[in-house]
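What follows draws every value from the coordinates through simple rules; no lab data is involved. Worth saying up front: this structure is predicted, and the values here are computed from it rather than measured. Note that each Cβ is placed from the backbone with ideal geometry, even for glycine, and that neighbours are counted across all protein chains shown.
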Amino acid sequence: MIPALLLVAPASRVAVEYDWLFWSLVVVCGGVAVGIAAFVVYSAIHFHRRSENELPPQIKGSLKLEVTWSVVPLIIFLGMFAWGASLYFDIERPPANATEVYIVARQWMWKAQYLDGRREIDELHVPVGRPVKLIMTSQDVIHSFFVPAFRVKQDVLPDRYTTVWFQPSKPGKYHLFCAEYCGAKHSGMIGYIYAMEPREYALWLSQGAAEGSLASTGEKMFHQFGCANCHHFDGQGPCPDLKGLYLRPVLLTTGQTVVADESYIRESIVDPAAKIVAGFTNYMPVFKNVLTEDQLVELLAYIKAIGPAPGTQQPSSAGSVPATYGGQPGISGSGPAGISTDQSRAH
């Protein structure tokens with residue numbers, strides 16, 4: 001085992017494979033570098049000219065040797081590339097059954113919001129053996145979510161969502177850091193992730209229940225800001241019906257097709273003119289600087305909740321777009337008093 005002083009013990013599903021890949025790269029690349037350096041030193045000593053009149057012997061090249069030192073390293077490094085690519089795709093693709101938690105970063109704290117409505121500051125409770133997907137954004141500057149024990153690090157950016165996932169493999173209390181300089185108190189932007197056994201986690205869930213789920217809070221805001229005046233769920237309103245919008249392809253007036261993911265929905269709320277859905281004209285009011293990041297998360301949770309169940313979404317690739325009110329799915333719509341999110345003219 002690697003001494004604890006040199007490396008934080010791995011505590012997630014991908015951490016062990018990550019360590020194997022990292023140290024394999026270190027050993028192979030280090031071995032190649034040391035071997036080349038040793039050969040250079042040996043050649044400089046053994047083959048140096050001993051007098052000004054000495055002529056070096058003429059050495060004919062060896063085809064077998066040249067093929068060997070070209071093909072063998074190629075195979076080794078292609079193998080490491082394939083291994084790294086496989087791990088990368090594993091890290092970048094959260095499992096469909098992952099528990100979602102929203103993270104809003106701000107100077108200098110981490111705010112976690114669970115789908116059941118719970119909220120935590122600088123703490124995160126997660127179950128062991130289950131994948132957890134974090135959907136993160138920043139309220140101010142660039143931060144970076146870094147948990148050494150899980151081998152995960154992801155920049156958290158303003159005005160968009162980034163995601164990261166992990167699956168704790170053993171219970172414990174693990175350090176959470178901001179790994180991007182974010183201001184005078186950057187060093188104090190730390191927290192802890194508590195990985196709990198399923199029974200212990202279930203007990204924690206049963207204590208201090210929130211008033212309502214994140215989606216139910218978002219639904220209240222949906223009506224509070226008049227969104228329902230334009231976005232009718234019967235598809236007959238002046239703006240798109242948002243049911244089933246999440247992860248659906250959206251055809252824009254530019255002819256481009258985009259996927260209605262978290263970042264698209266957020267952008268459509270704060271800047272409706274950014275991406276207009278084909279067949280529609282944008283009349284939706286701008287909600288930038290009107291809604292907080294927490295409120296945007298709540299609205300996002302609601303729009304996702306009225307979509308298809310996890311695992312039943314249509315493919316996110318551009319293809320045939322289901323016909324709805326006005327033609328194509330989208331989010332921005334018209335109307336004097338709402339977040340217009342028409343599925344045919346979404347931004």
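Things to note:
- Amide H contacts of Arg248 (H built 1.01 Å from N, in plane; Pro and chain starts excluded): Ala260 sit under 5 Å, all sequence-distant by 5 or more or on other chains.
- Under conditions of 20 °C and 1.002 mPa s, the range 99-205 yields 156 µm² s⁻¹ as its translational diffusion coefficient, taking Rh as the Kirkwood radius over Cα pairs in the Stokes-Einstein equation.
- Gain upon complete extension [Phe77, His223; 0.36 nm per residue less C-alpha separation]: 46.9 nm
- If you take all other residues with their beta carbon under 15 Å from the beta carbon of Pro95, and give Lys and Arg +1 and Asp and Glu -1, the sum is +1.
- Least to most buried among Met80, Met189 (fewest other Cβ within 10 Å first): Met80, Met189
- Projected label distance in nm at Leu7 and Asp19, using a 7 Å step from Cα toward the beta-carbon: 0.6
- Residues Leu245, Leu78, sorted so that the one with the fewest Cβ neighbours within 10 Å comes first: Leu78, Leu245
- For Val156, the residues 5 or more places off, or on other chains, whose built amide H falls under 5 Å of its own are His143, Ser144, Phe145.
- Simple spin-label estimate for Val290 and Phe233 gives 2.3 nm between the two label positions (7 Å along the Cα-to-Cβ direction from each Cα).
- Footprinting exposure proxy for Glu120, Glu219, Glu52, Glu262 (fewest neighbouring C-beta atoms within 10 Å first): Glu52, Glu120, Glu219, Glu262
- Site pair Val34 and Ser206 shows an inter-label distance of 5.6 nm when each label is modelled 7 Å from Cα along Cα→Cβ.
- Normalised by 2.2 N^0.38 Å, where N counts its residues, the alpha-carbon radius of gyration of the range 141-270 equals 1.41.
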